[in-house]
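Before I ask anything, let me first share the structure, which is written out below as structure tokens.
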Amino acid sequence: MARTLDVIGEKWSLLVLRDLFRKGALRFQELERGLPGVAPNTLSARLKTLEKSGVIAARLYESHPPRYEYYLTDKGKALGPVLKALHKWGETYGQP
């Protein structure tokens, strides 16, 4: 469990994964808009951590300046049941 939490055990990381599951590949600005309150440097750091862990990947969509969109890898897609279980728990037991 500790190894999993090292990768996804932070609020913004989980919310990034949630949005990628729901919406598919997203650009930085799209992720930022969907996560009110996240600082750009925090989002950037979470994306780098998730990418380094192989949970997401980035592909270039514009070269000048370089801009990327982020998407789930197979390793990231394997987290689907975990995220669904967290969502269900929150719906059942979370604070209103």
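What percent does the relative contact order of the chain come to when contacts are Cα pairs within less than 8 Å and at least six residues apart?
Normalised by residue count, the contact order of the chain is 28 percent.
Can I ask one more? Hey, could you pull the Cα Rg and Dmax for the stretch 2-93, both in Å?
When restricted to the Cα atoms of the stretch 2-93, Rg and Dmax are 13.1, 47 Å.
Hey, another quick one. So what's the back-of-envelope 222 nm ellipticity for the chain, counting only DSSP H runs of four-plus at -39500 (n - 2.57) apiece and dividing by all residues, rounded to 500? List each step's numbers first, then the result.
Values: 6 runs with 58 residues, N = 96.
The helix-only estimate for the chain comes to -17500 deg cm²/dmol at 222 nm.
Let me know the Rg and Dmax you get for the stretch 1-40 when you use only its Cα atoms, in Å.
Rg and Dmax of the stretch 1-40, Cα atoms, are 10.9, 31 Å.
Also, quick follow-up: With +1 on each Lys and Arg Cβ and -1 on each Asp and Glu Cβ, and nothing else charged, work out how big the dipole of the chain is about its Cα centre, in Debye to the nearest 20.
For this selection, approximately 140 debye.
Mind checking which of ALA57, PHE28, SER44 is farthest towards the positive end of the chain's charge dipole, using Cβ charges of +1 (Lys, Arg) and -1 (Asp, Glu) about the Cα centre?
The one lying farthest along the dipole's positive direction is ALA57.
So what J values fall out for the stretch 16-32 if you push phi through Karplus, 6.51 cos²θ - 1.76 cosθ + 1.60 with θ = phi - 60°, rounded to Hz, Gly and Pro as x?
4, 4, 4, 5, 5, 5, 6, 10, x, 4, 9, 8, 3, 5, 5, 5, 4
Could you give the angle, 0 to 90 degrees to the nearest 10, between helix 80-93's Cα long axis and the longest principal axis of the Cα atoms of the chain?
Value to nearest ten degrees: 50.
Read-outs throughout are calculated quantities, based only on the coordinates presented, and are distinct from any laboratory measurement. For clarity, every value in this text was computed on a predicted model and none was experimentally measured. When we count neighbours, we look across all protein chains shown, and the Cβ atoms used for this are built from the backbone with ideal geometry, even at glycine.
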